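A short write-up of the structure that comes next.
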Amino acid sequence: MKNVRIFLFAASVVLAAAPALGQNQVQNSGFDIVPMLMNWSAYASSAPDPVGAGTGVWDGTQDVSMSPLSGSAHIDFAAAPTGGNAAYGIRQCVDLSALQPVMTATFGTRYEVRTGQTATGGVNVGIDVAFFDAVGCGGNLITGGSQGKDILMADLMDNFWDTAEILSPAFDISPLPSPMSAEVRLVATRTSMNSDTLSVFFDGAYLAVNGALPVQLQTFEAE
């Protein structure tokens, strides 16, 4: 099942009109700008959670559109630490200062977990977004949320990007102060005390505010 962790968000079906309606605010979301992980940096969980461990590289062998000129972010999640909520992946700070006020947000990504490995549900793959009241993902955390999936053997498939998506519902931020920036994270997270490893590819990450999904992602379906 897909797991959702939401903080201070309220669901909304009313989308406010604002600049950059429905545009993807994530830079290099398709991992096709040289250098291929431009705009992204490593992310590891920290105290009070266990410090996450793993590796994150650009991989030209896997791409959501099978383009030889593009690729994906390849995350290898390490067996240790074994504590629950240990996480590793990549992150990007998104500037929202030109989109004020930010009233709603929707975020998601596509992923691929290939065959040839073991998956028992001990690792969740997903996207986390944290909203801040200052540019540069500084100042105070306003709110945040995440959407993900606990990976089982049935989820291991090769070249099935079109059916492997993680999509958030639209959330109403308007009762809270308008965020000036957001940190987007593509992560693997340990769901409980275990030593499971996982190799996952991410592509097509997005964050849209004040409107509908980006045009290229309107075929996403939530399960």
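The values are calculated or read from the model by the stated rules, or taken from the named source; none is laboratory data. Predicted model, so just to flag it, every value in this text is computed and none were measured. Positions of Cβ are backbone-derived with ideal geometry, glycine not excepted, and every protein chain shown enters the neighbour counts.
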Test: residue in region 89-98 that is part of a strand (DSSP E or B), farther than 17 Å from PHE201 by Cα and of a type in the set (D, E, K, R): yes
Selection count where residues are more than 15 Å from VAL209 (Cα to Cα) and over 19 Å from the mean Cα position of the chain (by Cα), scope region 157-174: 3
Unmet requirement for ASP49, which otherwise passes all of (1) without any contact (Cβ under 8 Å) to a residue 40 or more places away in the chain; (2) of a type in the set (Asp, Glu); (3) in contact with a Gly (Cβ under 7 Å, 6 or more places away or on another chain): (3)
Filter result (surrounded by fewer than 18 Cβ atoms within 10 Å (Cβ to Cβ) and charged (D, E, K, R)) within region 60-92: ASP76
Contacts under 7 angstrom Cβ, first residue in region 191-220 being closer than 22 Å to SER67 by Cα and polar (S, T, N, Q), partner modelled with pLDDT of 95 or more and part of a strand (DSSP E or B), 6 or more apart: SER199/ASP76
In region 156-177, residue modelled with the lowest pLDDT [restricted to those that are out of contact with any Lys or Arg (no Cβ under 7 Å at 6 or more places or on another chain) and closer than 21 Å to ALA87 by Cα]: LEU167
Filtered residue count, region 42-74, keeping only those that are assigned to a strand (DSSP E or B) and over 17 Å from VAL129 (Cβ atoms): 10
Identity of the residue in region 83-106, in contact with a Pro (Cβ under 8 Å, 6 or more places away or on another chain) and among the polar types (S, T, N, Q), that ends up nearest to ILE127 (Cα to Cα): THR106
Restricting region 130-177 to residues that are aliphatic (A, V, I, L, M) and touching an Asp or Glu at 6+ places or on another chain (Cβ under 7 Å), the residue that is nearest to THR115 (Cα to Cα): ALA164
Qualifying residue in region 103-123 (condition: part of a loop (DSSP other than H, G, I, E, B) and farther than 28 Å from ASN194 by Cβ): yes
